[in-house]
Amino acid sequence: MNLKKYIFSVAIGTLVATGFTGCLSQDEFLEEHSYKFDDQTFYQSESDMELGLNGCYRLIQSLMMGQTHGIHSWMIGGVGLDTYSQTSGNDHFSNWNTLTGESGYARHWYDNLFKMVNRANTVLDMIDERSNIQYSSEAKKKELRAEALFFRGWAYRALAGMYGNVPILEHHATEIQNGYVPSDRQAVWEFCKEDFSYAAANLPKAASKPGKITRAAADHYLAEINLALGDFNGAVAAATRVIDGTDGDYHLMTTRFGSRAGEATDRYGNSLAAPAGAYWDLFREGGNQNSTDNKEAIWVCQYNYGTYSTGGGGNEWWRIQANNVESAWMSGTVRFNTTKRTLSDGSQIYLWGDNTACFQPGIVGSAVSTVSSAAGRYEANIARDSMGGNVPYQGTVLIPTYFVRDRLWEASCKDGKVDFRGSEVMIQRNWYTPGGTRWLDEKAAAFARAAAAVGTADEDAYKINASDTTAIFPRLWKFSDDKHPNGDNKAYDCDWYMLRIAETYLVRAEAYLALNDKSKAANDINVLRDRANASYCTAADINIDYILDERARELLGEENRWLTLNRLSVNPNALSYISDCHPVQDETTGNTMYDRARKYAFGYENLSGSNQPREWDPVEKRYISNFHPYNYQYPIPNQVIQSNSGVKYPQNTGY
């Protein structure tokens, strides 16, 4: 229950109580009472502190899931970098030249992260100031403090990774100030370490209810911050407490569990035998993320599962209550593609063939096709494929990079091994068209028609341009379901993983790399690869790019990719173990995030403005992203700089 609902219920309760106490004297009835709720009248009990912390959980949900139909919620995940991008070619994260301090995207995260800091600080200050409060135990009091420090640490972890230089605030704001002094990223990380250290020592091992943070979450982030600070032994120690059971019962899932554990295959006939099926189960609807059998989940953001029909849900920016993760990652071409071209004789064709645009003969759609070769057939107009699998009804927002679609899996599919994280079990490359055929067959036929038309009057009509293929990509079962348990494809009821123990293994592997113990790093990575049926890596394989690639295989769309790459960019604490892959580390000529973006990010053929400098990669035959070295940090919002008139707040380099 959030604070607003709490206040409302208290007010209603007061009115009801008054209705049942009709024996008040006139003097008592006329006596003025204060019903003001602020930090002076609230925060008077243990339960008040818990309600205050609910506001931090609510902000996490808002930031991570509040705008999944757009770009805001995907910024911390690294939209526009090496793993996924947006479909539009002219937004900030596709055309980086347009990202400035005026960006509402940058302001959104900056404002809300400091709102979280202030909410956490308010609870911390009230715990210290209200000595009259009776707590159920001293341990509970420390737990509440630890929870508040965890949220403050999480917010500053994101602020350091997104903006670099930000003010460190240890107390809640009680009046307007215009002289905040920004601290550098190193100081902010050190501040985070203190918060996560206390949290790791005082949070409970087991969550009292779904979504509550635990000791393992604090230790995971402590390990990550230790990496940022160059305390590699400290990183190993913190990660090990999560992995070895010291912080609770967490392990990779290798047996089936949850809402669909009894199904031997998915809708399309792919085997779900464990351990592939166990990994698949992690991302199914039906409450699997919060299942007590799910020992892999360390922290899950609560979407408000199962409340779509009554107006609940995670997306708060639009008229839709549904979780839009599925639709954000769904290729529009999976639904249907009605792209038409006109031939020299005036007739029309569907570029990708009749089956990609029309239902099978006899199935009614929105309108009868006007293409002669599809006479009598109806163009597809509903969110389903020919196998009856529902697909979401909204438009595509995100697209995996070509690297993620293909080359990423080469290193893990050797010696006859097939990494099921990149197989049809988790990535449906050959999905069915509305007409019942398989997409890759239709695509091959379209390219054959184009080749046959070369030199004819219809060459341009059949020609397939780069822009025709940008939005054609596989269906990712991490963010989609082949059947929706509630039968309504608009209600994609999945909670969001903030942390899985799989990521903790990769954090520790990086720490071992930093300590030059590549054998132990390989061992940790192979724990994941063994579960995935991938070929094993050796110590000779291990470098920072190999670990970043493995993070993409295991954590695509889940990890805070922006923060990972920022931590490895322009950070002298990391140079000793990343210099073999990324020797240049500065804000103007190059760094890790810049290198990865240039190598793998989308270059966008439809980037607006003829005067935009475009760089062509002749080997891969693609444009290179116009990401700049200074883009490893977001700009400080101009409004923040202007309002901080008492102290100069410098803008980040390049903006």
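The values are calculated or read from the model by the stated rules, or taken from the named source; none is laboratory data. This is a predicted model, so every value here is computed, not measured. Cβ atoms come from the backbone with ideal geometry, glycine included; neighbour counts cover every protein chain shown.
If we scan the range 474-483, do we find a residue that is crowded, with 17+ Cβ neighbours inside 10 Å, aliphatic (A, V, I, L, M) and at pLDDT 90 or above?
Step one: of the range 474-483, the residues crowded, with 17+ Cβ neighbours inside 10 Å are 474-482.
If we keep only those that are aliphatic (A, V, I, L, M) as well, we get 476.
Checking the rest, the ones that are also at pLDDT 90 or above come to 476.
Scanning the range 474-483, I find at least one residue that is crowded, with 17+ Cβ neighbours inside 10 Å, aliphatic (A, V, I, L, M) and at pLDDT 90 or above, so the answer is yes.
Please determine, by comparing only the residues of the range 137-172 that are closer than 17 Å to K205 by Cβ and among the acidic types (D, E), which one is nearest to the chain's Cα centre (by Cα).
E147
Would you confirm whether any residue within the range 536-543 is buried (at least 21 other Cβ atoms within 10 Å of the Cβ) and aliphatic (A, V, I, L, M)?
Checked the range 536-543: at least one residue is buried (at least 21 other Cβ atoms within 10 Å of the Cβ) and aliphatic (A, V, I, L, M).
This table checks each residue for (1) more than 30 Å from I243 (Cα to Cα); (2) of a type outside the set (D, E); (3) at pLDDT 95 or above.
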residue: A158; (1), (2), (3): no, yes, yes
residue: E170; (1), (2), (3): yes, no, yes
residue: S183; (1), (2), (3): yes, yes, yes
residue: Q186; (1), (2), (3): no, yes, yes
residue: P210; (1), (2), (3): no, yes, no
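How many residues, within the range 250-286, are at pLDDT below 95 and surrounded by fewer than 18 Cβ atoms within 10 Å (Cβ to Cβ)?
Adding up the residues that qualify gives 4.
Which condition number in (1) in contact (Cβ under 8 Å) with a residue 40 or more places away in the chain; (2) over 21 Å from the mean Cα position of the chain (by Cα); (3) closer than 20 Å to D595 by Cα; (4) surrounded by 21 or more Cβ atoms within 10 Å (Cβ to Cβ) is the one that W562 fails?
(2)
Do we have I501 as closer than 26 Å to T396 by Cα and either in contact (Cβ under 8 Å) with a residue 24 or more places away in the chain or buried (at least 18 other Cβ atoms within 10 Å of the Cβ) (or both) here?
On the way: closer than 26 Å to T396 by Cα: no; either in contact (Cβ under 8 Å) with a residue 24 or more places away in the chain or buried (at least 18 other Cβ atoms within 10 Å of the Cβ) (or both): yes.
In short, no.
If we keep just the residues of the range 61-120 that are out of contact with any Pro (no Cβ under 9 Å at 6 or more places or on another chain) and charged (D, E, K, R), which is surrounded by the most Cβ atoms within 10 Å (Cβ to Cβ)?
Among residues in the range 61-120 that are out of contact with any Pro (no Cβ under 9 Å at 6 or more places or on another chain) and charged (D, E, K, R), the one surrounded by the most Cβ atoms within 10 Å (Cβ to Cβ) is D82.
Take the residues of the range 380-410 that are modelled with pLDDT under 85 and either of a type in the set (D, E, K, R) or under 20 Å from L548 (Cα atoms) (or both): which is surrounded by the fewest Cβ atoms within 10 Å (Cβ to Cβ)?
First, pick out the residues of the range 380-410 that are modelled with pLDDT under 85: 381-396.
If we keep only those that are either of a type in the set (D, E, K, R) or under 20 Å from L548 (Cα atoms) (or both) as well, we get 384-385.
Details: R384: 15, D385: 24.
Checking each candidate, the answer is R384.
Quick check on this structure: which one of L169, L149, L144, L159 is more than 30 Å from S103 (Cα to Cα) and in contact (Cβ under 8 Å) with a residue 40 or more places away in the chain? Steps first, answer last, please.
Working: L169 fails: more than 30 Å from S103 (Cα to Cα); L149 fails: more than 30 Å from S103 (Cα to Cα); L159 fails: more than 30 Å from S103 (Cα to Cα).
After applying the criteria, what remains is L144.
Residues of the range 232-262 being in contact with a helix residue (DSSP H, G or I) (Cβ under 8 Å, 6 or more places away or on another chain) and of a type in the set (D, E), which ones?
Within the range 232-262, D247 is the sole residue that qualifies.
Out of all the residues in the range 113-141, which are of a type in the set (D, E, K, R) and farther than 18 Å from C192 by Cα?
Filtering the range 113-141 down to residues of a type in the set (D, E, K, R) leaves 115, 119, 125, 128-130, 138, 140-141.
Of everything in the range 113-141, those that are of a type in the set (D, E, K, R) and farther than 18 Å from C192 by Cα turn out to be D128, E129, R130, E138, K140, K141.
For the range 222-231, which residues satisfy the criterion of being in contact (Cβ under 8 Å) with a residue 40 or more places away in the chain and surrounded by fewer than 24 Cβ atoms within 10 Å (Cβ to Cβ)? Break it down into steps so the answer makes sense when it comes.
Of the range 222-231, the ones in contact (Cβ under 8 Å) with a residue 40 or more places away in the chain are 223-230.
Selection gives L229, G230.
A quick yes/no check of all residues on (1) modelled with pLDDT under 95; (2) touching a Gly at 6+ places or on another chain (Cβ under 8 Å); (3) among the aromatic types (F, W, Y):
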{"residue": "A11", "(1), (2), (3)": "yes, no, no"}
{"residue": "E32", "(1), (2), (3)": "yes, no, no"}
{"residue": "L53", "(1), (2), (3)": "no, no, no"}
{"residue": "L113", "(1), (2), (3)": "no, no, no"}
{"residue": "N118", "(1), (2), (3)": "no, no, no"}
{"residue": "M126", "(1), (2), (3)": "no, yes, no"}
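In the range 466-478, which residues are in contact (Cβ under 8 Å) with a residue 40 or more places away in the chain and either small (G, A, S) or out of contact with any Phe, Trp or Tyr (no Cβ under 7 Å at 6 or more places or on another chain) (or both)? Talk me through it step by step, then tell me what you get.
Of the range 466-478, the ones in contact (Cβ under 8 Å) with a residue 40 or more places away in the chain are 466-468, 470-478.
Residues satisfying the conditions are A466, S467, D468, T470, A471, I472, F473, P474.
Just give me the residues in the range 411-446 being surrounded by 14 or more Cβ atoms within 10 Å (Cβ to Cβ), assigned to a helix (DSSP H, G or I) and not charged (D, E, K, R), in sequence order.
Matches in the range 411-446: A411, S412, F420, G422, W439, A445, A446.
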